[in-house]
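Each remark here refers to the structure printed beneath this line.
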Amino acid sequence: MAGYFLRRLLDAIPTVLLVLTLVFIAMRILPGDPAIAALGDFATPEQLAAFRAKMGLDAPLWQQYFNFLWGVFTLDFGRSLMNNRPVLDLILYNLPFTIELTLMSVMFGVLAGVPLGVLAARHRNKAPDNAVRVFSLIGYAIPDFYLGALLLITFSLNLGWFPINGGGEGFADRIYHLILPALTLAFIKAAFLGRLTRTSLLEVLGRDYVRTAWAKGARENRVVYRHGLRNALLPLTTGLGLSTLAALSGSVAVELVFNRPGIGKLLISAIAERDYAVIQGGVVVFAMFVVLINLLMDLVYVIVDPRIQVK
Amino acid sequence: MMKGNVLEIRDLHVEFGPKDRAIQVLNGVSFDIPQGGAVGLVGESGSGKSVTSLATMRLIPSPPGRVTKGTITFNGTDLLALPLGKMPDIRGRDIAMIFQEPMSSLNPVMKIGDQIGEAIMLHENIDRRARRAKVIEMLKLVGIPNPEGRLDSYPHQFSGGMRQRVMIAMALLCRPKLLIADEPTTALDVTIQAQVLELMKDIRARLGTAILLISHDLGVVADLCDSVVVMYAGHVVEIGATEEIFDTPRHPYTRGLLASIPRLHGGEERLFQIPGSVPVPGTIKKGCPFYSRCGMRIDRCRTEMPPMFDFDGSQRAACWVTAAEAHAHVKEPAQ
Amino acid sequence: MSFAEQRPILTDEPDIPATPIAADTRLFDNIRHVIFGRISTIVASLAILLLILVALFADFIAPYDPLAQSILNVNKAPSWEHLLGTDGFGRDVLSRIIYGARNSLIFGLISPTLAALIGTTLGVVAGYFGGIVDRVVSRLIDLLLAFPELLLAIIIAAALGGGFWNIIAVLTIAYVPGFARVARAQTLAVKQEPYVEAAVAVGVRVPTIIRRHVVPNISAPIVVLMTLWVASAIRLEASLSFLGIGTQPPAPSWGNIIRDGLNNLFGTPWPIVGAGVAITCVVLAFNIIGDAIRDVLDPETA
């Protein structure tokens, strides 16, 4: 098992390299001159040249590429153009806020979505199923930033139950600041996971081995959970991965709505301020997150599905 | 009620689909299984064999299916009159079932030992160690080599034949009085088929378990069963002891089935084939369901469903023509 | 002329049985049947029709110029003059939402269409020719599909910046991998079909095979996918505009209306509520239609 994890980790290296290469291509080769982007259309040629020299943009492309890779591996993303702080510091400050938001919303989403899906599947085409269907249709349609704004207006602005902005100081305060943003994303995750659970469970409950379980004399709860849901975990693992990724991308807008610190907020502000080094750092962090979450899902698969060969 | 029958099915009717345009799948099926007996249920696919067995377990998916009439008496209790909540106590403990597809009938993410052990855990208060011992004993009985070492394996690590042995072990763990085997060998290689049949014979001899063997393969039935029930389009068309049925089939459909078995010393002539195919359930409203494919039909068959005539011995068949030839009559029901 | 150069009698237009286009028309018939068979889908269709009409005739419907500011009329609550009130610049919220509909529909239609064209081309080429091309394309598709569309769009937008065509490019790139994957899989399936093998055997040229056999067979799922992704594209554009990397103010987009509204939270909540309801309803309508289509394609999970 440990060997398998190690091998998967090694397998991820080319993926990481490929992702970094694509990021590099996006940042350096796509149309648009970062120097002009950073300094504006009215910068003098001298200013542009000085900027390029400072950012290493005057070197040959291949050298820039290796500098970029080396920078990523040594966690040296340069310094912010706005406040001259190391990009790594900015990332390290903001990262925990994004991680706690993503994890909390996925957790809420699973805790609400999976039971709803089980309920819907057990009462297929009856009232609970229809209620879950309506819930998931709304959850699929409502944009996270709109839902977040509604919650903010209702619970923070009008009722005053929750803080209006910020990430909070200290453990309890952080959790307090986290609740509304996490619920915003969790609502949408729950809609997705609820529907996925219903579909997967219904599919599994029609399988031959479920009939075997009934024939053994198992009662409904045991059939649904021990045999049904346990097998539905396979598609649900994929769903959990997708949910986590969606929560990660949703965190960008939610951080903006609730004015929370976080990688998304950092990246969006950097884009607005044309802070080239920070943009690059933020993009790399997000890209690495995607690779990491996909890797983790592969590993979880091995645990939930014994048929996957571990060698 | 006659003594000595573990299962008596009487006039069983099952339909599928919405009530206003329901399709009749079983039209009055009746037969008995004696204690420790082995009965073969034979017919082409679509004849209602599997529905009969699922009805006995009360596992007909509902919706769309439902039993509309009849009784299924197991050891003196009408199963159809029991509240559905009582059935889990009977399934697996008193009546066990194995299925056609050993490949898909085992839970792919549960260890073999746990899956088999679950059968006894559901019915008896028994500790882990004793359960394990029983599972090992049963795996030995069904001929799995090195059972201790296989408890932690998953189904995908077993071959098809081994999986069917596991299914049989699971079914027999609680020493049920009746084992329903729905096409247990159909999905297996011929050599493995023979082994599984041998195993079932052996188990019947050792444990005295009654067996209802569902098969479209008359050869398999002849090998294992004392008596045979032939089904066609939701009707029982012939019943009798195995030798009687094979020596003197009384229903034209049974004759057709027997004629289509390849014989070792058969001549060069083509294997017999019953023309046409099983009618779509619900399309036959009156008359004999076999009418459209029958080579012996008379006008009466088109309009009137023949009753079960009593022939010599225990044999009974529903055919106007052969009954008239053999001067068979409808006996009044006993008692 | 050597023997090898003699062209076979059956060259360009061999009489090979037509591809099952009939199956496709039946598919669309079924879809039509399902859409007009339920109340929910009829309402959803009407909502989409309304969106299209509003977007087309925004100039006639909108009561005010969406950009006209008025210092005297800021943060007004809804009234008969301004049905959804005014925003922090005194602009009429309803008019901005009406023009926002046009903005949404433009992006919602153009980017899935472009993505379908590019993605299908990539997928067909990869699937049909196989080899190194296929390996490279497949690897890229897999990699890009690992990214959520929004995150991919944010990353590309971070590199490209705003502007109409840049937004189109960002949205398009986000959907290309999905189309490419479907097109590739379908192409691989069609390639195995006897009529394609027959066409290859008698020497039909590759572009002809692709045009006559591959494209008709993969067009149905691609078109269905395109309609499913209209809603997704509308929401993605709104998200990007909300984040400030999509449609730039003062041009109205449902996303940047909500962004402005959030900055003016103490002034009036109406821009947020109005634009949010608009996005939600439109996406809901498209999703209901999309579910109905999916039920036709995959009845098992209904």
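The values are calculated or read from the model by the stated rules, or taken from the named source; none is laboratory data. Since the structure is predicted, the reported quantities are computational estimates derived from the model, not experimental observations. Every residue, glycine as well, gets a Cβ built from its backbone with ideal geometry; the counts of neighbours run over all protein chains shown.
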Given (1) within 14 Å of chain B (Cβ to nearest Cβ); (2) out of contact with any helix residue (DSSP H, G or I) (no Cβ under 6 Å at 6 or more places or on another chain), where does A:ASN231 come up short, assuming only one miss? (2)
Qualifying residue in the range C:194-213 (condition: assigned to a helix (DSSP H, G or I), more than 14 Å from chain A (Cβ to nearest Cβ), within 28 Å of A:THR244 (Cβ to Cβ) and out of contact with any helix residue (DSSP H, G or I) (no Cβ under 6 Å at 6 or more places or on another chain)): no
Within the bounds of the range A:219-236, is there any residue that is part of a helix (DSSP H, G or I), outside the structural domain of A:LEU69 (by TED's automatic domain parsing), closer than 30 Å to B:TYR154 by Cα and among the hydroxyl-bearing types (Ser, Thr, Tyr)? yes
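Restricting attention to the range B:320-335, which residues are surrounded by 12 or more Cβ atoms within 10 Å (Cβ to Cβ) and either at pLDDT 85 or above or under 16 Å from B:ASP11 (Cα atoms) (or both)? Steps first, please.
Step one: filter the range B:320-335 for residues surrounded by 12 or more Cβ atoms within 10 Å (Cβ to Cβ), giving B:320-324, B:326, B:328, B:330.
Listed by number, the list holds a single entry, B:TRP320.
Given the structure, is A:ARG222 under 30 Å from A:PHE289 (Cβ atoms), surrounded by fewer than 20 Cβ atoms within 10 Å (Cβ to Cβ) and free of Cβ contacts under 8 Å to residues at least 12 places away in the same chain?
Working: under 30 Å from A:PHE289 (Cβ atoms): no; surrounded by fewer than 20 Cβ atoms within 10 Å (Cβ to Cβ): yes; free of Cβ contacts under 8 Å to residues at least 12 places away in the same chain: yes.
For A:ARG222, the condition - under 30 Å from A:PHE289 (Cβ atoms), surrounded by fewer than 20 Cβ atoms within 10 Å (Cβ to Cβ) and free of Cβ contacts under 8 Å to residues at least 12 places away in the same chain - is not met.
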Quick check on my filter: what residues within the range B:288-313 are within 20 Å of B:LEU257 (Cα to Cα) and part of a loop (DSSP other than H, G, I, E, B)? B:CYS288, B:PRO289, B:PHE290, B:CYS294, B:GLY295, B:MET296, B:ARG297, B:PRO306, B:MET308, B:PHE311
Residues located in the range C:235-247, provided they are modelled with pLDDT under 90 and either closer than 23 Å to C:ALA285 by Cα or away from chain A (no Cβ under 11 Å) (or both): C:GLY246, C:THR247
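Does A:GLY71 qualify as being modelled with pLDDT of 80 or more, within 30 Å of A:VAL302 (Cβ to Cβ) and either of a type outside the set (A, V, I, L, M) or surrounded by 12 or more Cβ atoms within 10 Å (Cβ to Cβ) (or both)?
On the way: modelled with pLDDT of 80 or more: yes; within 30 Å of A:VAL302 (Cβ to Cβ): no; either of a type outside the set (A, V, I, L, M) or surrounded by 12 or more Cβ atoms within 10 Å (Cβ to Cβ) (or both): yes.
Answer is no for this residue.
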Selection within the range A:237-270 - at the interface with chain C (Cβ under 8 Å from one of its Cβ atoms), of a type in the set (A, V, I, L, M) and closer than 14 Å to A:ALA186 by Cβ: A:ALA246, A:LEU248
Which count do you get for residues in the range A:170-203 that are within 10 Å of another protein chain (Cβ to nearest Cβ) and either surrounded by fewer than 22 Cβ atoms within 10 Å (Cβ to Cβ) or not in a helix (DSSP H, G or I) (or both)? 3
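Is there a residue in the range B:26-40 that is more than 20 Å from B:CYS288 (Cβ to Cβ), over 16 Å from the mean Cα position of the chain (by Cα) and free of Cβ contacts under 8 Å to residues at least 60 places away in the same chain? Show your work before the answer.
Going residue by residue through the range B:26-40, those that are more than 20 Å from B:CYS288 (Cβ to Cβ) are B:32-40.
After this cut, where a residue has to be over 16 Å from the mean Cα position of the chain (by Cα) as well, the list is none.
No - not one qualifying residue is present in the range B:26-40.
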May I ask you to list the residues in the range C:260-273 that are more than 8 Å from chain A (Cβ to nearest Cβ) and in a helix (DSSP H, G or I)? C:ASP260, C:ASN263, C:TRP270, C:PRO271
I'm checking my understanding of the structure. Among residues of the range A:96-128 that are in contact (Cβ under 8 Å) with a residue 40 or more places away in the chain and under 30 Å from A:MET55 (Cα atoms), which one is surrounded by the most Cβ atoms within 10 Å (Cβ to Cβ)? A:THR98
Of the conditions (1) over 30 Å from C:GLU197 (Cα atoms); (2) modelled with pLDDT of 85 or more; (3) in contact with a Phe, Trp or Tyr (Cβ under 7 Å, 6 or more places away or on another chain), the single one that C:THR120 does not satisfy is (1)
Mind checking whether some residue in the range A:17-38 is over 27 Å from the mean Cα position of the chain (by Cα) and surrounded by fewer than 11 Cβ atoms within 10 Å (Cβ to Cβ)? yes
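Hey, can you tell me all the residues within the range C:259-282 that are in contact with a Gly (Cβ under 6 Å, 6 or more places away or on another chain) and buried (at least 24 other Cβ atoms within 10 Å of the Cβ)? If you could, list the steps in order and put the result at the bottom.
Here is the first cut: in the range C:259-282, the residues in contact with a Gly (Cβ under 6 Å, 6 or more places away or on another chain) are C:264, C:267-268, C:270-272.
If the condition is that a residue be in contact with a Gly (Cβ under 6 Å, 6 or more places away or on another chain) and buried (at least 24 other Cβ atoms within 10 Å of the Cβ), then C:PRO271, C:ILE272 are the ones that fit.
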Of the numbered conditions (1) closer than 14 Å to B:ALA233 by Cβ; (2) modelled with pLDDT under 85, B:HIS13 fails exactly one; give the number of that condition. (2)
Among the residues listed as A:VAL106, A:VAL72, A:VAL110, A:VAL134, the single one being away from every other protein chain (no Cβ under 14 Å), of a type in the set (A, V, I, L, M, F, W, C) and within 28 Å of A:ALA182 (Cβ to Cβ): A:VAL110
Just for the range B:91-127: of the residues that are among the basic types (Lys, Arg) and either farther than 18 Å from A:ALA218 by Cβ or crowded, with 19+ Cβ neighbours inside 10 Å (or both), which one is nearest to the other protein chains (Cβ to nearest Cβ)? B:ARG91
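Considering only the range B:52-75, I want to know if a residue exists there that is outside any loop (DSSP other than H, G, I, E, B), basic (Lys, Arg) and either at positive phi or crowded, with 19+ Cβ neighbours inside 10 Å (or both). Spell out how you get there, then give the answer.
Within the range B:52-75, the subset outside any loop (DSSP other than H, G, I, E, B) is B:52-57, B:65-74.
Keeping just the survivors that are basic (Lys, Arg) gives B:66, B:69.
Narrowing the set further to residues that are either at positive phi or crowded, with 19+ Cβ neighbours inside 10 Å (or both) leaves none.
No, because not a single residue in the range B:52-75 is outside any loop (DSSP other than H, G, I, E, B), basic (Lys, Arg) and either at positive phi or crowded, with 19+ Cβ neighbours inside 10 Å (or both).
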Residues that are assigned to a helix (DSSP H, G or I), farther than 22 Å from B:LEU82 by Cα and not basic (Lys, Arg), drawn from the range B:14-51: B:ASP20
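Among the residues of the range C:124-163, count how many are small (Gly, Ala, Ser), more than 7 Å from every other protein chain (Cβ to nearest Cβ) and assigned to a helix (DSSP H, G or I).
Kept after step one, since they are small (Gly, Ala, Ser), are these residues of the range C:124-163: C:126-127, C:130-131, C:138, C:146, C:153, C:157-159, C:161-163.
Now restrict to residues that are more than 7 Å from every other protein chain (Cβ to nearest Cβ): C:126-127, C:130-131, C:138, C:153, C:157, C:162-163.
When the remaining residues are screened for being assigned to a helix (DSSP H, G or I), the result is C:126-127, C:131, C:138, C:153, C:157.
Qualifying residue count, the range C:124-163: 6.
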If a residue must be touching a helix residue (DSSP H, G or I) at 6+ places or on another chain (Cβ under 7 Å) and of a type in the set (Phe, Trp, Tyr), how many such residues does the range C:162-180 contain? 2
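Please pick out the residue among A:GLY160, A:GLY167 that is more than 10 Å from chain C (Cβ to nearest Cβ) and buried (at least 16 other Cβ atoms within 10 Å of the Cβ). Break it down stepwise before answering.
Details: A:GLY160 fails: buried (at least 16 other Cβ atoms within 10 Å of the Cβ).
So the residue among A:GLY160, A:GLY167 that is more than 10 Å from chain C (Cβ to nearest Cβ) and buried (at least 16 other Cβ atoms within 10 Å of the Cβ) is A:GLY167.
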Considering every residue within the range A:73-95, establish whether at least one is among the hydroxyl-bearing types (Ser, Thr, Tyr) and free of Cβ contacts under 8 Å to residues at least 40 places away in the same chain. yes
